[in-house]
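*Asks:* I'd like to ask you about the structure that follows.
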Amino acid sequence: MSEWLLKVRVTPRASRNEVESWDGDTLRVRVTAPPTEGQANEACRELLAKALDIPKSKVVLVQGARSREKVFRIEQGEPGLIDRLAKR
């Protein structure tokens with residue numbers, strides 16, 4: 001098992017939660033939660049865990065708690081994990 005970093009650009013207060021697309025090496029996601037009291041961060045964490053089909057505990061915010069540009073550490077590396085996001 002290995003871990004890797006995932007760059008994410010979050011759009012809070014969107015109409016729905018979704019993994020939108022790749023923009024270079026940054027994944028664009030949209031969440032309905034507002035960017036207050038960490039609500040958008042938690043919604044993004046939950047969305048990534050669901051999209052990758054891994055437990056939320058394996059998705060850790062390491063940078064960008066107060067920014068739209070975030071870096072998450074994915075603590076469960078298995079072959080083909082990134083392909084789950086690439087197909088979106």
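The values are calculated or read from the model by the stated rules, or taken from the named source; none is laboratory data. Computed from a predicted structure; not experimentally measured. So basically every Cβ, Gly included, is an ideal-geometry build from the backbone, and we count neighbours across all protein chains shown.
*Asks:* I'd like the full set of residues that are farther than 16 Å from R66 by Cα and aliphatic (A, V, I, L, M), limited to segment 1-28.
*Replies:* Of everything in segment 1-28, those that are farther than 16 Å from R66 by Cα and aliphatic (A, V, I, L, M) turn out to be M1, L5, L6, A14, V19, L27.
*Asks:* I need every pair where a residue in segment 37-61 that is at positive phi and in contact (Cβ under 8 Å) with a residue 24 or more places away in the chain has its Cβ under 6 Å from the Cβ of a residue that is part of a helix (DSSP H, G or I) and small (G, A, S), sequence separation at least 6 or different chains.
*Replies:* none
*Asks:* Name the strands (runs of 3 or more DSSP E) wholly inside the chain in which the number of residues that are out of contact with any Pro (no Cβ under 9 Å at 6 or more places or on another chain) and at pLDDT below 95 is 2 or more.
*Replies:* Counting at least 2 such residues, we get 2-11, 18-23, 69-77.
*Asks:* Give me a count of the residues in segment 59-76 that are buried (at least 18 other Cβ atoms within 10 Å of the Cβ) and either charged (D, E, K, R) or farther than 20 Å from D23 by Cβ (or both).
*Replies:* Step one: of segment 59-76, the residues buried (at least 18 other Cβ atoms within 10 Å of the Cβ) are 59, 70, 72, 74.
Now narrow it down to the ones that are either charged (D, E, K, R) or farther than 20 Å from D23 by Cβ (or both): 70.
Selection size over segment 59-76: 1.
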